[in-house]
Each structure stands twice: as structure tokens, then as C-alpha cells.
Amino acid sequence: MKKLTALLPLSISIATALATAAHAQATGLQWSLPPEEQVVKALDGHPTVEAAGKRVGAASAASDMLRVGPHEVQLTGSYINRDVRLERNYTEFDGTVSRSFRLPGKAALDREAGQLGVEVAQNRMEDTRHQAALYLSQLWYDWLTASELNRTDQSNVALLERGLAAVKRRVQLRDASMLDTDQAQAALDQAKGVAAASLADMKQARALLQSNFPDLALPSDAPSLADPVLPSQDLTALHDLVIQRSHEIGAADREALRLEVVARRAKADRLPDPQLGVRAFSERSGIERGVGVVFSIPLGGRYRKFQQDQAEANASAASMDLAQARRMVLAMADTDMANASGRYVAWQRLQGAARSSLDAATRTERGYEGGIIDLSDLLYSRRQAHDADRLAIDARSSATRAIVKLLIDSHTIWQGNEKEP
């Protein structure tokens, strides 16, 4: 019986994988990430990040508005032509220049609220950038994973094509039956279908990545998905950094403080601001003239009381939002750490399973060559090895994603010009 060397040369795919991993480590592409300067540029140019930056500018303008106050100089006046019976026409006019003034303490509260508003907007901008980084990471690994799966699928198709050709030659030599040809052809058609699906996934993933982050220069072919590497930092330390550097908590904290200041300002506004001015007038065509000081102050009523109640309720709600933000970030930190360690262990197990499936397939091939195992068993063993390889790729991707997510959430990578919360 002739040796069917083209059907299952799995050592080729293993050697290729080892060479790819060695190349990735040699070029420093840890976790198969794109160059950081390109990522920072892509994140800074993302529309959501740019929009958040504009909102920081709006918050800064609002802070300036609160600093100078809403009160401006008002000019009022009148001009009258009076016709007095049995006398004559008189020309009369008057003018008043006035301005309201904030009572002591209100200006300081406005300045504090304005500055806190800027800090809220800055933290929200950084959190928006953080969310964009997570989205970029997701799309990037979707592309790498689909490409890695397609590579192994195409390799499997090539192996089965050579195997089918070998079976057909054996049929011509009357060393195999047409049933063997049908089985080999069915295995090849199934492998081609799987490869076509992974190719579609790869193209879709690349299109999504390119359209959402056009500033990220993508190579023609996706980089190889390197083996996951645990960070040099302790996972517990990264877990703590997720909480310490959370801009979501920072924004909620600043917002709670801002609304507390707004509530104090509403309480102070129960006593309205006075208005002072100077009035000059001329009556009876200048026969009577005068200059004086005018003064007015609104009498605060229930509206201002309800306004204070509303501000205090908003401040209380913001404190609850802060507590919820802290819980959510703590849960995220716990999940990130558990995922990073758990997915890494899962990848090790599935990688071991892939090696065991490879060993089993190799032994099955030897049995087929020795005539003690038929083709159907060989094809089944090959399919098992290929499925195990795909599972190992998915596990490798999941482990790397989990590790990189922990690094992004802890603001260890892709910070750019990020400010501490």
C-alpha cells in the first residue's frame, strides 16, 4: 500500500505556527497589537473622542460664563413730547443705567461649579476615549482571529486537496474504492465551506475595522495571532489601577460635587440679587432736571424654594450615581482580572488538547499507511485535529483579548496625552 503523505502532514502547520510565534516575539509585537503611535492617532481622531473634546471646550466656556456672572449693564430710557392745554408743548426724557450684583459668596460658588463642570467634561472625554480603545481592540482581534482561522482552514483545504488527488491515483491503481473517493471529496467540500465562511468573517472584520478607524494603517494581511503573554505587572496591581484610574468614577465624583455646589448656590439664591443704577431726567423742556440713584430687588417666593428643592434632589441623585459607578468599575476590575487569568488557563488546556489531537491524528495516519485503519477513520481523526486547532485559536484570541482589556481598563497602554482622573 502506498504511503499517503499528502493527506495529513500536520507537522507543516505546527512548524509554521512556531515560526510565526517566534517572528512575533522577535519583532516585539506582544499581544499582536498595532504600533502604539498609530493607535493613539486613530483614537484621538475618532469622531466620538473629538466630539467629547468639543464638549470640554463648551464646559470651559460655561465656566467662564459662571465666572463673570449673568448680570450685565442695562440702559433704559424714554422720550416724550407732552402737550399741556393752555400752555405749550414740552419735551421730556429720562434714562437709567443699572446693573444687578451678586451677593457675597455667590460668585465663589459659581466659579467652583464652573471648574467642576470642566473636570466632569474632561473625565467624560477620557472615558469616551477609553470606550473607543475597547472598541478598537475588539475590532482588531476580530480581524486577527478571523484571519488566523482562515489560515488554518485554507491549510486544511490544501491538505485535503492533495489527499483527494492521492486517493484518486490509488483508485486508478485499484488500490482504493470509489467510496474512498466520495469520502475524501465530502471532507474536502466541507473544509472548503468552512474556509469560505472564515474568509467572509475576515473580510467583514477588516471592513469594520477600516471604516471605524480609517486613521489606523492596516497591513494587507493581518498579523499572526501570537500566544497570549501575561503582563509583567501583577494582575492584582492592574486590578487596583482599573479602579484608581477610572474616568467613569472621576466624572461621577466631579458631577456629584458640582451638583452639591449648585444646590448650595440655589439655597443662596433664595435671597435675590439687588439691582443698583443711576437715573437722570429732564421734564418740562428742561425746567425740571434731576439725577438720582435707583434700587430694586425681587422678593423671593415659592419658586425659588422649589428651585432649591430640585437642586438638592439632583445632588442626592448624583451621589447615588457615584456609588453605582464605583460598583460597576469594581465589578469590571474583578471581571477583568478573573478573565485574564481564567482565559489564559483555558488556552493552555485547549492548546494541550490540540497537541493531543495532533498526536492522535499522526498515529491514525500511520495506522492507515499500515493498512489497519480505513480512510473514514483517518478523515475523522483529521477533522478532530482541525476542530481542536480552531478551538485553540479561539481560546488564544479570548485569552489575549482578556489580557489586553485589563491593560486598557487599567490605562496601562494607549494612554496618549491622557490626564489622571
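The values are calculated or read from the model by the stated rules, or taken from the named source; none is laboratory data. Here the structure is a predicted model, which means the values were calculated and not measured. Note: ideal-geometry Cβ built from the backbone for every residue, glycine included; neighbour counts use all protein chains shown. SASA here: full protein model, heavy atoms, side chains in, ligands and nucleic acids out. Shrake-Rupley method; radii C 1.70, N 1.55, O 1.52, S 1.80 Å.
Just name the residue that is nearest to residue 31 (Cα to Cα) out of those in segment 154-168 that are touching a residue at least 60 places away in the same chain (Cβ under 8 Å) and not hydroxyl-bearing (Ser, Thr, Tyr).
Restricting attention to segment 154-168, the residues satisfying the condition of being touching a residue at least 60 places away in the same chain (Cβ under 8 Å) are 155-156, 159-160, 162-163, 165-167.
In the following step, the residues that additionally are not hydroxyl-bearing (Ser, Thr, Tyr) were identified as 156, 159-160, 162-163, 165-167.
Numbers: 156: 25, 159: 29, 160: 32, 162: 34, 163: 35, 165: 39, 166: 40, 167: 41 Å.
Only one residue fits best here, namely 156.
In segment 67-83, which residues are surrounded by 12 or more Cβ atoms within 10 Å (Cβ to Cβ) and assigned to a loop (DSSP other than H, G, I, E, B)?
69, 71 - these are the residues of segment 67-83 that are surrounded by 12 or more Cβ atoms within 10 Å (Cβ to Cβ) and assigned to a loop (DSSP other than H, G, I, E, B).
Could you check segment 69-126 and list, in sequence order, the residues that are among the basic types (Lys, Arg) and under 43 Å from the mean Cα position of the chain (by Cα)?
First, pick out the residues of segment 69-126 that are among the basic types (Lys, Arg): 82, 85, 88, 99, 102, 106, 111, 124.
Result: 102, 106, 111, 124.
What number of residues in segment 299-321 are farther than 14 Å from residue 266 by Cβ, surrounded by 13 or more Cβ atoms within 10 Å (Cβ to Cβ) and out of contact with any Leu (no Cβ under 9 Å at 6 or more places or on another chain)?
Qualifying residue count for the region: 1.
Where the second residue is of a type in the set (Asp, Glu) and the first is open to solvent by less than 20 Å² (accessible area, probe 1.4 Å) and lies in segment 370-388, which pairs have Cβ atoms under 6 Å and are six or more apart or on separate chains?
Pairs that qualify, where the first residue is open to solvent by less than 20 Å² (accessible area, probe 1.4 Å) and the partner is of a type in the set (Asp, Glu), are 375/180.
Here's the yes/no breakdown for (1) in contact with a Leu (Cβ under 9 Å, 6 or more places away or on another chain); (2) open to solvent by less than 20 Å² (accessible area, probe 1.4 Å):
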position	(1), (2)
43	yes, yes
48	no, no
55	no, no
65	no, no
85	no, no
99	yes, no
103	yes, no
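Condition first: buried (at least 18 other Cβ atoms within 10 Å of the Cβ) and either in a loop (DSSP other than H, G, I, E, B) or polar (S, T, N, Q) (or both). Now tell me which residues in segment 228-267 satisfy that.
228, 231, 245, 246
Considering only segment 322-349, state which residues are open to solvent by less than 70 Å² (accessible area, probe 1.4 Å) and over 30 Å from residue 227 (Cα atoms).
322, 323, 325
Do we find that residue 91 is surrounded by 12 or more Cβ atoms within 10 Å (Cβ to Cβ), among the polar types (S, T, N, Q) and in a strand (DSSP E or B) in this structure?
Working: surrounded by 12 or more Cβ atoms within 10 Å (Cβ to Cβ): yes; among the polar types (S, T, N, Q): yes; in a strand (DSSP E or B): yes.
Yes: the conditions hold for residue 91.
Could you run through segment 211-227 and say how many residues are under 24 Å from residue 406 (Cα atoms) and outside any loop (DSSP other than H, G, I, E, B)?
Counting residues in segment 211-227 that are under 24 Å from residue 406 (Cα atoms) and outside any loop (DSSP other than H, G, I, E, B) gives 1.
Going by the conditions given, is residue 325 under 30 Å from residue 243 (Cβ atoms), in a helix (DSSP H, G or I) and either hydrophobic (A, V, I, L, M, F, W, C) or modelled with pLDDT under 95 (or both)? If you could, list the steps in order and put the result at the bottom.
Details: under 30 Å from residue 243 (Cβ atoms): yes; in a helix (DSSP H, G or I): yes; either hydrophobic (A, V, I, L, M, F, W, C) or modelled with pLDDT under 95 (or both): yes.
The answer is yes for residue 325.
Here is a yes/no grid of residues against (1) among the small types (Gly, Ala, Ser); (2) on the phi < 0 side of the Ramachandran plot; (3) not in a helix (DSSP H, G or I):
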residue: 310; (1), (2), (3): no, yes, no
residue: 315; (1), (2), (3): yes, yes, no
residue: 340; (1), (2), (3): yes, yes, no
residue: 411; (1), (2), (3): no, no, yes
